[in-house]
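Notes for the one structure printed next.
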Amino acid sequence: MNKSRSLLTLSLSVVAIAALPAAAQASAASASGACGQFRVMHNDKISGVSFPAGPYNMVNSGMSCAQTTKYFQQFLEAGKISKGWQVKNLSGNRKRFTKLGTNPTVDFQATAASDPTPGGLTCPGTFRVLHNDRIGAMKLPAGSYTIKLASHNTPGLNCKLASNAFAYFLNNDWAGNLPHPWKMNVSAKSFYMNNTPSDGFSVKRVGS
C-alpha cells in the first residue's frame, strides 16, 4: 500500500515528485487558486530566503495544490530550490516560487499567516493528507485536517509533536499498530497515550 507523506509542514523527508502523464500535466496547468495553509515547524531557509516557523497561506497558478505542497516540502528539506526554479521575497511577508521558462506562468506563493490565540487547543494551520489513507480502521480521506490537543496539561506534547506523530502514524502504522504508549479512538479520530484520552490529540477534516 502506498503511504502518503503528508504535512502541515513540517520539514519531513522529501516527497518524491513523479513525472505526470501529458493529460495530467495539462489538467494541472489549468489549476490555480488557494491551497489552504502549510505549517513550517522550524525557522528555515530556502536558497537564502528565510521562512520563520509558523503557518503560511498558499496560493498557486498553473499547478495543483498537491504539486504545490510537494514542491514546498522538497525545497524546505533540501534548503534550496530545484534547478529551473526561482524564489523571491515579495511585499507583505510573501515568498514567490516561479518555474522558469513556462507560459502561462507556473508558480506558487507562501504568505506568512498569524497564529491564533496561544491559549487555544486547535493547532495553527492545517495538515494536508495527500491521498486517501487509513491508520488501521481509521479512514482518512485526502484533504486538509486541523489538529486539536486534548489539553495543555500533557507533558512533552505540543502542536509540533502532535503533527509529527500524525505524520508518523500515516507513514508507518497503516495496520493500526501504534507504538507504545499510543492508542487511538477510531470514531473520534483521536490519538492518546497511557490509556488517558486527555493525553493526546484529535484530527478533523476541513473543507472538501
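Every number in this text was worked out from the coordinates using simple rules, so none of it is lab data. The structure displayed is predicted, hence computed values, not measured ones. Glycine gets a Cβ as well: all are built from the backbone with ideal geometry, and neighbour counts include every protein chain shown.
Local charge for N185 was computed over the other residues whose Cβ lies under 15 Å away, with Lys and Arg +1 and Asp and Glu -1, and equals +4.
Kindly identify region 72-208 as rounded, prolate or oblate by the Cα gyration tensor criterion: order the square roots of the eigenvalues as a ≥ b ≥ c, call it rounded if a/c is under 1.5, otherwise compare a/b with b/c, prolate if a/b is larger, else oblate. Prolate is the answer for region 72-208, as a/c is 1.5 or above and a/b outweighs b/c. Note on A188 and T122: with the Förster distance fixed at 25 Å, the Cβ-Cβ geometry gives a FRET efficiency of about 0.95. Spin-label model, K160/Q86: points 7 Å from Cα along the beta carbon direction are separated by 3.4 nm.
Using the Cβ atoms and a cut-off under 11 Å, what net charge is assigned to the surroundings of G143, where Lys and Arg are +1 and Asp and Glu are -1?
Net charge around G143: +2.
Zone of V206 (label point 7 Å along Cα→Cβ, backbone N under 19 Å): which residues in region 154-194? So the set is 158-167, 189-191. Counting neighbouring beta carbons within 10 Å and listing from fewest to most, the residues T102, T146 come out as T102, T146. Taking amide H positions as modeled 1.01 Å from N, with prolines and chain starts lacking one, the residues under 5 Å from I46 and 5 or more places away or on another chain are F51. With the simple spin-label model, which puts each label point 7 Å out from Cα in the Cβ direction, the E77 to H152 separation comes to 3.5 nm.
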